[in-house]
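The values are calculated or read from the model by the stated rules, or taken from the named source; none is laboratory data. All of these numbers come straight from a predicted model, not from anything done at the bench. Note that each Cβ is placed from the backbone with ideal geometry, even for glycine, and that neighbours are counted across all protein chains shown.
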Amino acid sequence: MNFFQKLARLEWCVCGLLLLGFACGGCSSSSNSPNKPKSSSALTGFSPEDSNLAAPRFHVGETVIVALTGTADQIPEHTEPIKEDGTLTLPYIGAVQAAGRTPGELQNEIRDLYVPKYYVRLTVTVKSQDRIYYVGGEVKQPGRQLYVGETTVTRAIQSAGDFTDFANRSKVLLVRAGGKHIRVNCNKALEDPSLDLPVYPGDQIQVPRRLF
């Protein structure tokens, strides 16, 4: 190989190394650039959609209080249990879906239905009455129980001190706030969690006495 061939090969090698350096530098700057702001999901560890996962949602039978303020005329508070179809009925706008929604979602929905069709300015506040359920019959501590989060029939009975020695555990009655009656076999529910029905605010659990 003569001198000029060696020189040409050396120039190609130098050019290749330079191109490789530029490529690596570009990759590094695009992924680790200090000037690129981090997203909120990267900072908090969860996406914005996750922020409402823990928000309490209304259930059928739960009593909801709707306050309408900020208008020229004073409007009385509207207090109503959520009907079996999941709705509330409000003046002028009629039925509004409430079950399954958070207070914030329901507030926004009601406001959009009133403004600007009926009111120019309006502040909507939605809240629930004390969230409680009832456990009675053959339990050690019958009475009202505070609803502090998701629970089931067997856990609700445990919160009431558990069964007495005379309880009929296979024929527990769950009465929904809307009036629906459901029989729950707690013996089977303890073995199969899918049979352990959820309990919502306003529900009643009645544990009967066994015959012998």
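All of (1) small (Gly, Ala, Ser); (2) within 29 Å of Asp85 (Cβ to Cβ); (3) modelled with pLDDT of 95 or more hold for Gly179 with one exception: (3).
Of the candidates Val139, Val124, the single residue that is in the same structural domain as Gln74 (by TED's automatic domain parsing) and in contact with a helix residue (DSSP H, G or I) (Cβ under 7 Å, 6 or more places away or on another chain) is Val124.
Residues of region 160-208 that are charged (D, E, K, R) and exposed (fewer than 12 other Cβ atoms within 10 Å of the Cβ): Asp165, Arg183, Glu191, Asp192.
A search for C-beta distances below 8 Å between a residue of region 183-200 that is more than 21 Å from His59 (Cβ to Cβ) and any residue that is surrounded by fewer than 18 Cβ atoms within 10 Å (Cβ to Cβ) and charged (D, E, K, R), counting only pairs 6+ apart in sequence or on different chains, returns Asn185/Lys171. Taken together, Gly61, Gly86 contain a single residue that is at pLDDT 90 or above, small (Gly, Ala, Ser) and within 22 Å of Ile132 (Cα to Cα), which is Gly86. Applying the criterion of being among the acidic types (Asp, Glu) and at pLDDT 95 or above to the residues of region 101-141, the residue that is surrounded by the most Cβ atoms within 10 Å (Cβ to Cβ) is Glu138.
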